[in-house]
Amino acid sequence: MSTWTAAKRAGANRRQAPDWRARCARASLREGTRHRRKDGSSFPVEVSSRVIAFGGRVYGFAFVRDVSERRHAEEAVRQSEQRLLQAIRVSGIGIFDRDHPADTIYWSPELRTMFGWGDEEPRSVDSFIEVVHPDDREHVLAAIRRAHDANGDGQYEAEYRIVGRSGVVRWVLAMGQTSFAGDGDSRQPLRTVGAALEITARKQAEEAIRRANEELDERVRLRTEELATSNAQLRETLDTLRRAQDELIRSEKLASLGSLVAGVAHEMGTPLGNSLLVATTLSEKTRKFSQLAEGASLSRTALRDFVAVALQATGLLERSLLQTNDLIGHFRQVAVDQTSAQRRRFDLAATIDEIVATLRPQYRKTPHRIQVDIPDGIVMDSFPGPLGQIISNLATNALVHGFAQAAAGLLEIAVSPPRDGRITMTVSDNGCGIAAEHLPRIFDPFFTTRLGQGGSGLGLHIVYSIATRVLGGRIEARSAPGEGSTFILQLPLQAPDTSPAAANWGAVPP
């Protein structure tokens, strides 16, 4: 829309500006105002006008442009700038802008405050370097040189300390980007724009973390050294305990063997005593018979008497010696088995009979007795010595603990027929039983309820170790106070492929 006709058509718009003609009378005019539409709404316009004299008359031209979109864009830019400035003020970020050709630098108010400068005080790069901590200046200058290097990417980044006028040291992180003009050798820095942020709190936190890590590392190092020392001491103590345990186990076995020897010696005393008495009597009778024979006074009656006595004596002597020989045989086999731990095939019933024969002397001195119920024909490929050690320990345990208060006790050893290549052996007594709180611990090494009364606490532990580690079986105990105790062993007819040393029976695994 143009010329004065356009102005006339504006109607109310012209009336809103009574000096319209006066302003248009100037040589030229560019003015911003608002016009009103027919619906009553207003919108911003920009009016450009010019007055021309022609043919003795004066003509005025005017151009009206709707600038609503431009004003909206300008308002959006203004609001964006306000938000950016507000964000900068809130975050404390300082802005710097260096114009290299003009050699001028803009420092934002936030940056001036950060560096301790006045609002209008002119500042240069040298002024900036003066506030940088002396130890960080070379580092900062090197970062500036890299950012201005025409052959580089123009990036600027540096962490440094600044020293305020009061002497307070603060940390700053600065980042920027340099733009260049020209190419090749003529490429020169044009403008460097960047921002700086105080990071003192972050640095203090990092330093606190670093010190905490160093302290933690030192504590870990000291603790590791303590643990290493403790572990060495523990290993030494454990080795000492193992040696002591091995010695106790050997002592336990020797004590068991000693009881065996004592019992057999006692059993052999009777037949040997009888043999000695018979031999003495027969010797006396023979001497007298010899005297009669030499004196030619030997009668038929005397001869018959001597022969009768001799036959009786030799019969008694033979039975006593056979009994002694059997005892020695039992003792020899059991002693060899218990000291050598050799694997061999053996008849289970015969082997247990031999073991029980060596135990009877201990029981013969008491009102208690042993009863055995084992089927014939069970052959095992195993270790009779360790098996005998189990029976011996359980029998001794019943004698010492189970029958301590019983008037007459019974120890029963029973074996069920083999099933799936295994036998089930029960060793039970009708003694006083085991307290419920003690039952879970009876197989633990050194556990004893007779501490200080000669018990080592290894007897049942040795039983458990032999049953599980040597014979390859399982063992469990069932008991209740006043109802006796039953030990149930499940053993394979063929032991696992092991070659245990007697000295290791019952040792605690490392």
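The values are calculated or read from the model by the stated rules, or taken from the named source; none is laboratory data. The structure displayed is predicted, hence computed values, not measured ones. Neighbour counts run over all protein chains shown; Cβ positions are idealised from the backbone, glycine included.
Computed quantities for the displayed model
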quantity	calculated
The stretch 133-153, subset in contact with a Lys or Arg (Cβ under 8 Å, 6 or more places away or on another chain) and part of a helix (DSSP H, G or I), residue nearest to Arg98 (Cα to Cα)	Asp136
Among (1) modelled with pLDDT under 90; (2) at negative phi; (3) among the hydrophobic types (A, V, I, L, M, F, W, C), the one test that Phe446 misses	(2)
Pro492 vs. criteria under 17 Å from Arg422 (Cβ atoms) and either modelled with pLDDT of 90 or more or over 34 Å from the mean Cα position of the chain (by Cα) (or both)	yes
Residue list for the stretch 381-427, restricted to those being more than 17 Å from Phe443 (Cβ to Cβ), outside any loop (DSSP other than H, G, I, E, B) and not hydrophobic (A, V, I, L, M, F, W, C)	Asp381, Ser382, Pro384, Gly385, Gly388, Glu412, Arg419, Arg422, Thr424
Scope the stretch 365-381; condition touching a helix residue (DSSP H, G or I) at 6+ places or on another chain (Cβ under 9 Å) and over 17 Å from Ser416 (Cα atoms); matching residues	Lys365, Thr366, His368, Arg369, Ile370
Evaluation of Ala143 against (1) outside the structural domain of Thr178 (by TED's automatic domain parsing); (2) without any contact (Cβ under 8 Å) to a residue 40 or more places away in the chain (one fails), failing number	(1)
Residue that is surrounded by the fewest Cβ atoms within 10 Å (Cβ to Cβ), among those in the stretch 108-132 that are outside any helix (DSSP H, G or I) and of a type in the set (Ser, Thr, Tyr)	Ser124
Every pair of residues 6+ apart whose Cβ atoms lie under 7 Å, when the first sits in the stretch 189-201 and is in contact (Cβ under 8 Å) with a residue 40 or more places away in the chain while the second is surrounded by 15 or more Cβ atoms within 10 Å (Cβ to Cβ) and in a helix (DSSP H, G or I)	Pro189/His148; Thr192/Ala147; Ala196/Leu111; Ala196/Met114; Glu198/Met114
When residues of the stretch 378-405 are limited to those that are in contact with a strand residue (DSSP E or B) (Cβ under 8 Å, 6 or more places away or on another chain) and among the small types (Gly, Ala, Ser), the one farthest from Arg360 (Cα to Cα)	Ser382
Count - residues of the stretch 88-107 that are without any contact (Cβ under 8 Å) to a residue 12 or more places away in the chain and in a loop (DSSP other than H, G, I, E, B)	2
Qualifying residue in the stretch 174-188 (condition: crowded, with 16+ Cβ neighbours inside 10 Å and under 47 Å from the mean Cα position of the chain (by Cα))	yes
Condition met for Gly154 (on the phi > 0 side of the Ramachandran plot, modelled with pLDDT under 90 and assigned by TED's automatic domain parsing to the domain that holds Asp183)	no
Enumeration of residues in the stretch 350-389 that are modelled with pLDDT under 90, aliphatic (A, V, I, L, M) and under 49 Å from the mean Cα position of the chain (by Cα)	Ile355
Residue in the stretch 74-95 that is surrounded by 11 or more Cβ atoms within 10 Å (Cβ to Cβ), modelled with pLDDT under 85 and more than 60 Å from the chain's Cα centre (by Cα) present	yes
Unmet requirement for Gly409, which otherwise passes all of (1) crowded, with 16+ Cβ neighbours inside 10 Å; (2) small (Gly, Ala, Ser); (3) at pLDDT below 85	(3)
Only listed residue being assigned to a helix (DSSP H, G or I), assigned by TED's automatic domain parsing to the domain that holds Lys285 and either hydrophobic (A, V, I, L, M, F, W, C) or at pLDDT 75 or above (or both), chosen from Thr324, Thr314	Thr314
Qualifying residue in the stretch 141-159 (condition: surrounded by 14 or more Cβ atoms within 10 Å (Cβ to Cβ), farther than 28 Å from Ser186 by Cα and not basic (Lys, Arg))	yes
Filter result (among the basic types (Lys, Arg) and either surrounded by 15 or more Cβ atoms within 10 Å (Cβ to Cβ) or in contact with a Lys or Arg (Cβ under 6 Å, 6 or more places away or on another chain) (or both)) within the stretch 412-449	Arg422
Residues satisfying the stated conditions in the stretch 388-419, i.e. of a type in the set (Val, Ile, Thr) and either closer than 16 Å to Tyr464 by Cα or not assigned by TED's automatic domain parsing to the domain that holds Ile378 (or both)	Ile390, Ile391, Thr396
Residues of the stretch 154-188 classified as of a type in the set (Ser, Thr, Tyr) and either part of a strand (DSSP E or B) or touching a residue at least 24 places away in the same chain (Cβ under 8 Å) (or both), total	4
